[in-house]
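Colleague: Let me begin by handing over the structure; questions about it come next.
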Amino acid sequence: MPSIYYRPSGRIAPLAIVIFPLVLLVIVPFAWLYAWCSFHVHPILVTLVTLVYSLVLVTGPAIVAQSGKMRNPALMVAVALAIGLFGWYCQWAQWAAMNGVLSERAWPGLLYFSRHPAAVASLALALKGISAWTVIAGTLEFLLLAILPVLLTKKAASNPFCETSKAWVDELKLDRRFAQIDEADFQAFRAAAEASPDQLLALLKAPQGDPDRYTKLSLYACPGAPEAYLSVLDVTRSTRQGKPSEMRSPIVEYLRIPPDMARLALAECEADAAPAGEPEAATPPELMPALAALEQEDYAAALAAAAPCTRAEKISLRNDANRMCALCCSRLGQWIDAASYWEALFEHETSAHNALQVASSSAMAGRLAKGEEWIARTIALNEETRDVTSILIRTNFISALKNSGQLRAALPYLEWVKHLYQSLHVTDATFLTVRGVPFFNSFLEQSAPIVDASMDAAQAHAWYAGMLPHLDQDGQQELKAWLAQRAPA
């Protein structure tokens with residue numbers, strides 16, 4: 001009987017056997033550099049060098065885990081420990097050899113010290129002596145270089161891996177927020193979720209207002225496999241230096257669910273989620289007339305009623321007014337004003353969603369340079385906040401460029417979307433929906449005007465045909481049939 005939760009298969013890819021010794025070889029010059037710095041760099045800067053070297057030793061096991069597709073946690077711990085110990089001892093052997101050179105004693109050299117740890121220890125004790133500080137410093141260095149790689153990478157082999165497609169499963173963060181679950185209720189919630197995974201959504205309640213602590217879901221879908229996985233996360237929101245951030249801790253992690261429930265969770269969460277960056281609080285009384293006009297689709301009246309509030313002293317009221325005016329201007333086709341209102345909102349609600357609205361509105365206004373400046377800003381900000389999916393950012397901006405007649409300017413962003421389909425490989429509708437990616441046939445139809453405006457017929461055919469080696473069989477057949485329809489009679 002399968003486990004209630006995802007369990008790693010314990011397998012590894014043959015590539016891991018090749019990558020592991022290569023990682024050890026790469027560490028050797030970094031160990032030499034670290035040892036050299038201990039002689040030639042100011043002691044205060046040596047601390048920084050130690051941190052950089054520890055980062056190298058952490059990156060090594062991560063590369064082995066990711067590229068070698070390590071699904072064996074115990075072996076992953078052993079690999080990380082071996083890399084950490086090797087890096088820690090290698091720099092000591094380098095140090096001992098360098099000390100001999102600096103003391104005008106060319107022998108013993110590195111190979112000798114590499115094979116004789118006792119000689120390294122004796123030399124270190126003779127030169128550094130034994131004191132409380134040397135013991136503390138040595139212990140901290142050992143923990144930082146040899147043990148830290150284990151602590152930071154031991155979970156890498158436990159992340160969901162799809163044995164069907166032989167690839168790591170991407171995390172899909174669902175937008176909808178739920179009410180906070182009290183820590184005292186965590187155990188009861190887990191028991192209920194394990195007993196009836198298909199009823200998990202019914203266990204979650206809607207939040208009151210816009211709280212700083214709430215519950216969110218992450219979905220992991222394995223294409224071609226008879227299950228998916230769901231994590232329930234306790235999230236605390238905060239703002240640091242004007243930038244929003246989230247601290248997440250799992251309540252339920254990698255619960256096995258059927259694909260039908262995965263589709264249901266995606267549909268319900270995406271349909272009910274509030275747009276990113278928009279508060280869920282009640283409409284201020286000052287904006288009630290504007291809201292009433294907006295609901296009647298009288299956008300000009302709503303704009304006139306909301307505009308005075310954009311100069312209000314109360315920031316929350318000013319933000320709501322800017323948001324409402326931006327929406328009205330968009331409905332009225334006043335794209336320059338819409339971009340200005342979104343930009344004013346962005347000053348106080350710094351989110352990728354609001355930055356995307358500035359970019360798209362600017363593109364619709366024909367201001368390509370400003371639109372591209374803001375779309376780059378959106379992408380960079382979203383790397384930190386993750387409040388908008390990467391595919392939505394590109395498709396939204398592409399649509400704005402397309403609708404404003406700037407077809408050739410959309411091609412670089414369309415190239416990104418093309419590479420996304422190629423990297424996903426699978427074109428199954430359910431697989432794409434779970435990841436928020438448009439259907440493959442929709443991509444073909446919507447991209448055609450942009451491609452045709454940017455290149456001649458032969459180049460366009462080659463542009464699409466280049467995708468064929470990277471798609472599954474269904475995708476190849478669909479693309480070939482579509483290309484055949486475009487071919488001249």
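Colleague: Scan the stretch 202-229 and report the pairs whose first residue is surrounded by fewer than 14 Cβ atoms within 10 Å (Cβ to Cβ) and whose second residue is modelled with pLDDT of 80 or more and charged (D, E, K, R), with Cβ atoms within less than 6 Å and a gap of 6+ or a chain change.
Modeller: Taking only residues 6 or more apart or on different chains, the pairs are Asp212/Arg237.
Colleague: Let me ask something else. Quick check on Glu297: is it outside any helix (DSSP H, G or I), of a type in the set (Asp, Glu) and surrounded by fewer than 19 Cβ atoms within 10 Å (Cβ to Cβ)?
Modeller: On the way: outside any helix (DSSP H, G or I): yes; of a type in the set (Asp, Glu): yes; surrounded by fewer than 19 Cβ atoms within 10 Å (Cβ to Cβ): yes.
Judged against the criteria, Glu297 is a match.
Colleague: Would you say Val56 is modelled with pLDDT under 90 and farther than 11 Å from Ala157 by Cα? Steps first, answer last, please.
Modeller: Values: modelled with pLDDT under 90: no; farther than 11 Å from Ala157 by Cα: yes.
No; evaluated as a whole, the condition is false for this residue.
Colleague: Mind listing whichever residues of the stretch 316-335 are among the small types (Gly, Ala, Ser), in contact with a helix residue (DSSP H, G or I) (Cβ under 9 Å, 6 or more places away or on another chain) and surrounded by fewer than 22 Cβ atoms within 10 Å (Cβ to Cβ)?
Modeller: Going residue by residue through the stretch 316-335, those that are among the small types (Gly, Ala, Ser) are 316, 321, 326, 330, 333.
This time we only want the ones that are in contact with a helix residue (DSSP H, G or I) (Cβ under 9 Å, 6 or more places away or on another chain), so: 321, 326, 330, 333.
Hits for the stretch 316-335 are Ser330, Gly333.
Colleague: Moving on to the next point. Quick test of your reading of the structure: Glu313 fulfils all but one of (1) farther than 18 Å from Ala363 by Cβ; (2) buried (at least 24 other Cβ atoms within 10 Å of the Cβ). Name the failing condition by number.
Modeller: Among (1) farther than 18 Å from Ala363 by Cβ; (2) buried (at least 24 other Cβ atoms within 10 Å of the Cβ), the lone unmet condition for Glu313 is (2).
Colleague: Kindly check whether there is at least one residue in the stretch 49-71 that is in contact with a Cys (Cβ under 8 Å, 6 or more places away or on another chain), buried (at least 19 other Cβ atoms within 10 Å of the Cβ), in contact (Cβ under 8 Å) with a residue 12 or more places away in the chain and assigned to a helix (DSSP H, G or I). Walk me through how you get there before you give the answer.
Modeller: First pass over the stretch 49-71, keeping only residues in contact with a Cys (Cβ under 8 Å, 6 or more places away or on another chain): 49.
Imposing the further condition that a residue be buried (at least 19 other Cβ atoms within 10 Å of the Cβ) reduces the set to none.
So far as the stretch 49-71 goes, no, none of its residues is in contact with a Cys (Cβ under 8 Å, 6 or more places away or on another chain), buried (at least 19 other Cβ atoms within 10 Å of the Cβ), in contact (Cβ under 8 Å) with a residue 12 or more places away in the chain and assigned to a helix (DSSP H, G or I).
Colleague: Same structure, new question: Working only within the stretch 200-222, note down all residues that are under 16 Å from Ala265 (Cα atoms), part of a loop (DSSP other than H, G, I, E, B) and not charged (D, E, K, R). Before you say what the answer is, go through the steps one by one.
Modeller: Going residue by residue through the stretch 200-222, those that are under 16 Å from Ala265 (Cα atoms) are 200-206, 215-222.
Add one more test, that the residue is part of a loop (DSSP other than H, G, I, E, B), and what stays is 204-206, 222.
Those that are under 16 Å from Ala265 (Cα atoms), part of a loop (DSSP other than H, G, I, E, B) and not charged (D, E, K, R): Leu204, Ala206, Cys222.
Colleague: Answer yes or no: is there a residue in the stretch 373-389 that is modelled with pLDDT of 90 or more, within 29 Å of the chain's Cα centre (by Cα) and more than 30 Å from Leu219 (Cα to Cα).
Modeller: There is at least one residue in the stretch 373-389 that is modelled with pLDDT of 90 or more, within 29 Å of the chain's Cα centre (by Cα) and more than 30 Å from Leu219 (Cα to Cα).
Colleague: Could you grab me the full set of residues in the stretch 307-325 that are out of contact with any Lys or Arg (no Cβ under 9 Å at 6 or more places or on another chain) and assigned to a helix (DSSP H, G or I)? Can you show your working first?
Modeller: From the stretch 307-325, those out of contact with any Lys or Arg (no Cβ under 9 Å at 6 or more places or on another chain) are 307-308, 313-317, 319-320, 322-325; that's our starting set.
Listed by number, the residues that qualify are Ala307, Pro308, Ile315, Ser316, Leu317, Asn319, Asp320, Asn322, Arg323, Met324, Cys325.
Colleague: Sticking with this one: Just give me the residues in the stretch 171-199 being hydrophobic (A, V, I, L, M, F, W, C), within 15 Å of Pro250 (Cα to Cα) and assigned to a helix (DSSP H, G or I), in sequence order.
Modeller: Listed by number, the residues that qualify are Ala184, Phe186, Ala188, Phe189, Ala191, Ala193.
Colleague: May I ask you to say which residue of Ile17, Ile83, Ile27, Ile12 is touching a residue at least 12 places away in the same chain (Cβ under 8 Å), over 19 Å from Phe142 (Cβ atoms) and in contact with a helix residue (DSSP H, G or I) (Cβ under 9 Å, 6 or more places away or on another chain)? Full working, then the answer.
Modeller: Working: Ile17 fails: in contact with a helix residue (DSSP H, G or I) (Cβ under 9 Å, 6 or more places away or on another chain); Ile83 fails: over 19 Å from Phe142 (Cβ atoms); Ile27 fails: over 19 Å from Phe142 (Cβ atoms).
Ile12 is the lone residue from the list that is touching a residue at least 12 places away in the same chain (Cβ under 8 Å), over 19 Å from Phe142 (Cβ atoms) and in contact with a helix residue (DSSP H, G or I) (Cβ under 9 Å, 6 or more places away or on another chain).
Colleague: A follow-up question, please. Taking the conditions exactly as written (surrounded by 14 or more Cβ atoms within 10 Å (Cβ to Cβ), in a helix (DSSP H, G or I) and small (Gly, Ala, Ser)), does Ala126 satisfy them or not? Show your work before the answer.
Modeller: Details: surrounded by 14 or more Cβ atoms within 10 Å (Cβ to Cβ): no; in a helix (DSSP H, G or I): yes; small (Gly, Ala, Ser): yes.
No; evaluated as a whole, the condition is false for this residue.
Colleague: Ser3 - would you say it is in a loop (DSSP other than H, G, I, E, B), modelled with pLDDT under 90, surrounded by fewer than 17 Cβ atoms within 10 Å (Cβ to Cβ) and under 27 Å from the mean Cα position of the chain (by Cα)?
Modeller: For Ser3, the condition - in a loop (DSSP other than H, G, I, E, B), modelled with pLDDT under 90, surrounded by fewer than 17 Cβ atoms within 10 Å (Cβ to Cβ) and under 27 Å from the mean Cα position of the chain (by Cα) - is not met.
Colleague: Being farther than 18 Å from Ala192 by Cα and either at pLDDT below 90 or outside the structural domain of Arg213 (by TED's automatic domain parsing) (or both) is the filter; apply it to the stretch 249-261 and report the residue that is surrounded by the most Cβ atoms within 10 Å (Cβ to Cβ).
Modeller: Pro259
Colleague: Oh, and also: What number of residues within the stretch 188-202 satisfy the criterion of being more than 17 Å from Tyr6 (Cβ to Cβ) and at pLDDT 85 or above?
Modeller: Within the stretch 188-202, residues that are more than 17 Å from Tyr6 (Cβ to Cβ) and at pLDDT 85 or above number 4.
Colleague: When you scan the stretch 398-441, how many residues do you find that are in contact with a Ser or Thr (Cβ under 6 Å, 6 or more places away or on another chain) and on the phi < 0 side of the Ramachandran plot?
Modeller: First, the residues of the stretch 398-441 that are in contact with a Ser or Thr (Cβ under 6 Å, 6 or more places away or on another chain): 400, 408, 411, 414, 436, 440.
Those left that are additionally on the phi < 0 side of the Ramachandran plot: 400, 408, 411, 414, 440.
Here the count works out to 5.
Colleague: Would you pick out the residues in the stretch 365-393 that are of a type outside the set (D, E, K, R), more than 18 Å from Val417 (Cβ to Cβ) and in a helix (DSSP H, G or I)? Can you show your working first?
Modeller: Initially, the stretch 365-393 is screened for residues of a type outside the set (D, E, K, R), giving 365-366, 368-369, 371, 374-376, 378-382, 385, 388-393.
Right, trim to more than 18 Å from Val417 (Cβ to Cβ) and you get 365-366, 368-369, 374, 380-381, 385.
Correct list: Leu368, Ala369, Trp374, Ala380, Leu381, Thr385.
Colleague: From the list Lys205, Lys166, which one is charged (D, E, K, R), on the phi > 0 side of the Ramachandran plot and over 18 Å from the mean Cα position of the chain (by Cα)? Before you say what the answer is, go through the steps one by one.
Modeller: Values: Lys205 fails: on the phi > 0 side of the Ramachandran plot.
On inspection, the qualifying residue turns out to be Lys166.
Colleague: Select from the stretch 72-95 the residues that are part of a helix (DSSP H, G or I) and either polar (S, T, N, Q) or at positive phi (or both) and list them in ascending order. Spell out the reasoning first.
Modeller: Step one: filter the stretch 72-95 for residues part of a helix (DSSP H, G or I), giving 73-95.
Gln91, Gln94, listed by residue number.
Colleague: If you don't mind, another one. So Gly129 clears everything in (1) over 27 Å from the mean Cα position of the chain (by Cα); (2) modelled with pLDDT under 80; (3) on the phi < 0 side of the Ramachandran plot except one condition, right? Which one?
Modeller: Result: Gly129 passes all but (3).
The values are calculated or read from the model by the stated rules, or taken from the named source; none is laboratory data. This one's a predicted model, so the numbers in the text were calculated from it and none came from an experiment. Cβ sites come from the backbone with ideal geometry, for glycine too, and all protein chains shown count toward neighbours.
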